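So the structure is just underneath, and the comments pick up after that.
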Amino acid sequence: MRMGADRADARAGWEAAFSADLAARFDVVVIGRGARDADARSAALDALGARVTSELPLDSDRSALTEHAGHPVLIVDLTAQTTMPVDVLERIDELAAMRAWPLVVAFTPEQLDPVAAICGRSNTHLLCAPEVSEWIATLAIAAEGDAAPGLSERVGESESARLHRLNAEVARIAEVVARLSRQSEATRRRQDDGRTSSFTTATPDYDISAAQVREVIRARRLRDRFFEGGLFEDPAWDMLLDLLGAQLERGQVSVSSLCIAAAVPPTTALRWISKLTDAGLIEREADPFDKRRAFLKLSPQGGHAMHRYVAAVRETKLPFV
């Protein structure tokens, strides 16, 4: 009953945003038909007016994909898998990269580390135990943000305008996704300034211990005991603090561990990891002994910025929070 209501709500929201008929807006190829969350995925595809051109099992021959024409959004749904098909996912990821197809991978929390280790390109969207709203937001961004030739050939100017209005609707459905997809002029200016001048101004150097960083993290988490959850979400800073502590401890941080440190749902944390990586603040490091795992660490730029921040707040006698 709940899934049926979700499907109806998704379609109602879409129809409210667009008065035109729901013609197919983009093509989709689904790999992994027996998924546990297939109903949520189908509800999202229905709401977006997508056209599923192929549904293939995970063990299907690669030729079934290589012969596919056009520029579809490729969905790999692993949520029904009891074992992680590493080799299969690697082949699909390579093919999507070669064809420049947007790739959406849905998986369970237990599969987070191997999926994140394999699928690291910017055109891949990762969904951990997704709900209907997360499917809608991610598929819309994958289809529109990729500027796929097949999509642009099918839509005219009025359709493009409707697709742009989709972003506003997606923002209401998944506010975090919209927040990640936009970057203010002030932030861009700070980044540009940081590349040219942030490291030239002398700042006193202060030693900081891993224990002090962990105390700050514990204090931040303590707020959640007294206030309603979600009021103090700041995943980017929480992750940078955790990586700073690990750097000082000379420890390694897995993707799943960093998602926990972010104190937000895994899908949201993964988007922030991608954003911080694109900003050059963190780096991915493959586990040389296990290709199903990758570690994350502060980049030289990110580490330098964190230490300079600590030095600056102490020089001005402000608290390190």
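Read-outs throughout are calculated quantities, based only on the coordinates presented, and are distinct from any laboratory measurement. A quick note: this is a predicted structure, and the numbers were derived from the prediction, not measured. Cβ sites come from the backbone with ideal geometry, for glycine too, and all protein chains shown count toward neighbours.
Before moving on, here are some points about what is shown:
- Taking the convex hull of Cα positions in region 209-259, its mean projected area over all directions (nm²): 3.6 nm²
- Per-residue Karplus couplings for region 106-112, computed as 6.51 cos²θ - 1.76 cosθ + 1.60 with θ equal to phi - 60°, are listed in order as 9, 7, 8, x, 5, 9, 4 Hz, Gly and Pro entered as x.
- In this rough spin-label picture, where each label sits 7 Å from Cα along the Cβ direction, the Y309-R250 distance is 2.5 nm.
- Based on the Stokes-Einstein relation at 4 °C and a viscosity of 1.567 mPa s, and on the Kirkwood radius from alpha carbon pairs, region 26-117 is assigned a translational diffusion coefficient of 96 µm²/s.
- Taking a ≥ b ≥ c as the square roots of the eigenvalues of the alpha carbon gyration tensor, region 250-321 is prolate, as a/c is not under 1.5 and a/b beats b/c.
- Whichever lysines have a C-alpha closer than 27 Å to that of K275, once near sequence neighbours (fewer than 8 apart) are set aside: K291, K297
- Separation of alpha-carbon centers, region 259-281 and region 64-113, rounded to whole Å: 20 Å
- Loop chymotrypsin sites (Phe, Trp or Tyr not before Pro), region 254-313 (other Cβ atoms within 10 Å of the site Cβ: 16 or fewer; DSSP): F289
- Loop-located GluC sites (Glu not before Pro) in region 32-130 whose Cβ has at most 13 other Cβ within 10 Å (DSSP): E67
- DSSP-loop trypsin sites (Lys or Arg not before Pro) across region 217-261, with at most 10 other Cβ within 10 angstrom: R250
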